[in-house]
Structures are given as structure tokens and as C-alpha cells.
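Peer 1: Sharing a structure, written as C-alpha cells. Questions coming.
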Amino acid sequence: MMRDFAGGRSVDIGNFPPSYFFSQFPVASLNGSLPILFDSAEQAATLFRASQENIDEIEAEMDAVNLHPFLYRGLPQYRLICTKPVETLDDFQGLKVRTYGTFHPILFQHFGAVPVNLELGETYDGLQRGTVDCVYLNYQAASLYKLFEVAKYTSDAEFGATTLYQTFVNKDVWESWSPEFQELFNAVVADAEDKATQEIDAAEQAGLDTLTANGVEVVPFLDQDKMEAEAPDFLELWVEKVAEVGKGDAAREHADFIRAQLVAAKTQ
């Protein structure tokens, strides 16, 4: 695994999502795990960095595997790319939806859909063979995987932005660098994050343009407010899961931090 290679010095720098490795990063797992949480890729990336800089237990989890995290990026709103139109929550009944992880399936199951966890590489065949009716993904990725060839509808429902894979440097390598080089490294990383933030919305629009140019119809979703109001409180569900492995206090601190940041963002 890349986390082991980077932490053990098989490679100096690696890239992976902490949320995929809950057993090693239970408290760090929040940012990439939950639907209907972040409004934009920029917000997801910003709070990803903020939580890792403010929650001591996250630093401890990284130290335990000898990793120094850097490069925080986000992905835009997840949507549905489907073989049939999805206009309301009633259309979720029995709908087979490609999902992933632990909490995203809960969202669709809550509204009567049938979650089917698939790897990205399996989504095209899944739509083509009828294994799934919809793929849960952003427009850019859907266009890259050419899902427009096998699915001719997309909903403009918003299921939340998320974080992109995080990049790490072996901590021993990081600490071997001079303070001057570390400062230069961080400045380059900041430029890269700014560039990603500036370009992500355009890339997402280009993905949507590719879909529609290939015959995909954008179906307005009429129940966005209702869906958000009736969805489970995923921050609370996440805290409960982390508490099962004995880190309930740190999980509560992280969840409360994120919730406070989101409330503050809405009042600005």
C-alpha cells in the first residue's frame, strides 16, 4: 500500500485517501467519508487542511505511520449519471446507484435506493450491463470515463463536494530538509493548491459540456432542499463509528470543529 511505502521509505512521497484506511486513520477519515457536507471543492480542501492543522489526534495518526501530509485538494459536487431520468426522491425507490465507502451508501439507502459499491473502473460496465442504474460521481470524472456512451441522463442534484487524494512525504525525509527548503516546499505547495482551486470549476464545467455534447440530458432535481433536510446527520454517524474504536472524544472534537467552520461559512 502507498501509505506503507511512503511511511517505510520505499518511496519518499506517496498519494492516497486517508478515508480509505479507517483502521489507521479513524479521526483523519472524516473529510473524505461523508456526503452532503461540503459546498465546493475549495471548501472541502480548505477544511481538510484546517482540521489536520488543528486536531492533535490527526497529527498523532500521521506520526504513527511516519508521514507528513501536504497538498490538500478537493473535488466538486457529486452527481448522478444515469440510464434513466431522476427528478425527485420518489425516483430513488429501487434505483441501483454506484456508491463507495461506508456512509455514501447509507444516504441512498435512506431514500429507498439500492447502493452498489463499485470501483471507478467498473462503472462503465456496470451501467452497460444494468448492474447499476446510476453512477455517483462528478461531471469531470464521468466524462473522463466516457460514461456518456452508456448513460444518457444526469441529475443536477448536489450530494456534496469531497476531498481529493492527499499527498504525503516520509516524515524522516521532511525533517532532514533544512528550514529554508521546507519553507520553499510549502510555498510551491500553496501555489499548487491555489492553481487547483482556480481550475477545478472550469474543469467540472468542461466535463458537463462533454457529457451534453454527447447526448446526455441534464434533468433538474426538484427535491434538493427536501433531501438535505431529511438526510441523516452524517457527522453524528461518523462520530459513533469512530467511538467504536475508542477515539470518541477526538472524533467529537473533529466533528464539532468541522460543524463550526461550516456554520461560520454560511454566515459570512
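Peer 1: Considering 185, 148, 181, which residue is aromatic (Phe, Trp, Tyr), under 23 Å from residue 129 (Cα atoms) and outside any loop (DSSP other than H, G, I, E, B)?
Peer 2: Just a single option satisfies the conditions, and that option is 148.
Peer 1: Just checking, which of 97, 86 is under 14 Å from residue 134 (Cα atoms) and in a strand (DSSP E or B)?
Peer 2: None of the other options fit; the residue is 97.
Peer 1: Is it true that residue 266 is of a type in the set (Lys, Arg), part of a helix (DSSP H, G or I) and surrounded by 15 or more Cβ atoms within 10 Å (Cβ to Cβ)?
Peer 2: When the stated conditions are applied, residue 266 does not pass them.
Peer 1: While we're on this one: Of the numbered conditions (1) crowded, with 23+ Cβ neighbours inside 10 Å; (2) in contact (Cβ under 8 Å) with a residue 24 or more places away in the chain, residue 39 satisfies every one except a single condition; which is it?
Peer 2: Checking residue 39 against (1) crowded, with 23+ Cβ neighbours inside 10 Å; (2) in contact (Cβ under 8 Å) with a residue 24 or more places away in the chain, the one that fails is (1).
Peer 1: Something else: Condition check: assigned to a loop (DSSP other than H, G, I, E, B), in contact with a Ser or Thr (Cβ under 8 Å, 6 or more places away or on another chain), touching a residue at least 40 places away in the same chain (Cβ under 8 Å) and not hydroxyl-bearing (Ser, Thr, Tyr). Does residue 211 satisfy that?
Peer 2: Considered against the rule, which asks whether it is assigned to a loop (DSSP other than H, G, I, E, B), in contact with a Ser or Thr (Cβ under 8 Å, 6 or more places away or on another chain), touching a residue at least 40 places away in the same chain (Cβ under 8 Å) and not hydroxyl-bearing (Ser, Thr, Tyr), residue 211 comes out as no.
Peer 1: Still on this model: Which residue is nearest to residue 69 (Cα to Cα), if the candidates are limited to segment 185-212 and must be open to solvent by 70 Å² or more (accessible area, probe 1.4 Å) and more than 20 Å from the chain's Cα centre (by Cα)?
Peer 2: 186
Peer 1: Limited to segment 214-240, what total is found for residues that are in contact with a helix residue (DSSP H, G or I) (Cβ under 8 Å, 6 or more places away or on another chain), in a helix (DSSP H, G or I), of a type outside the set (A, V, I, L, M) and open to solvent by less than 70 Å² (accessible area, probe 1.4 Å)?
Peer 2: 3
Peer 1: Could you go through segment 104-120 and let me know if any residue there is among the acidic types (Asp, Glu), open to solvent by 60 Å² or more (accessible area, probe 1.4 Å) and at pLDDT below 95.
Peer 2: Yes, segment 104-120 contains a residue that is among the acidic types (Asp, Glu), open to solvent by 60 Å² or more (accessible area, probe 1.4 Å) and at pLDDT below 95.
Peer 1: List the residue pairs whose Cβ atoms are under 7 Å apart, where the first residue sits in segment 175-202 and is closer than 21 Å to residue 50 by Cα and among the hydrophobic types (A, V, I, L, M, F, W, C), the second is in a helix (DSSP H, G or I) and open to solvent by less than 70 Å² (accessible area, probe 1.4 Å), and the two are 6 or more positions apart or on different chains.
Peer 2: 200/41
Peer 1: For the structure I just gave you, tell me whether residue 256 is over 26 Å from residue 138 (Cα atoms), open to solvent by 50 Å² or more (accessible area, probe 1.4 Å) and assigned to a helix (DSSP H, G or I).
Peer 2: yes
Peer 1: Restricting the search to segment 151-169, which residues are open to solvent by 60 Å² or more (accessible area, probe 1.4 Å) and assigned to a strand (DSSP E or B)?
Peer 2: Correct list: 153 only.
Peer 1: For segment 63-97, which residues satisfy the criterion of being more than 22 Å from residue 219 (Cβ to Cβ) and either open to solvent by less than 20 Å² (accessible area, probe 1.4 Å) or not polar (S, T, N, Q) (or both)?
Peer 2: Once the filter is applied, which keeps residues that are more than 22 Å from residue 219 (Cβ to Cβ) and either open to solvent by less than 20 Å² (accessible area, probe 1.4 Å) or not polar (S, T, N, Q) (or both), segment 63-97 yields 63, 64, 65, 67, 68, 69, 70, 71, 72, 73, 74.
The values are calculated or read from the model by the stated rules, or taken from the named source; none is laboratory data. These figures come from a predicted structure and were not determined experimentally. Glycine also receives a Cβ, built like all others from the backbone with ideal geometry; neighbour counts cover every protein chain displayed. Areas reflect the complete protein model, heavy atoms only, side chains present, ligands, DNA and RNA absent. Shrake-Rupley method; radii C 1.70, N 1.55, O 1.52, S 1.80 Å.
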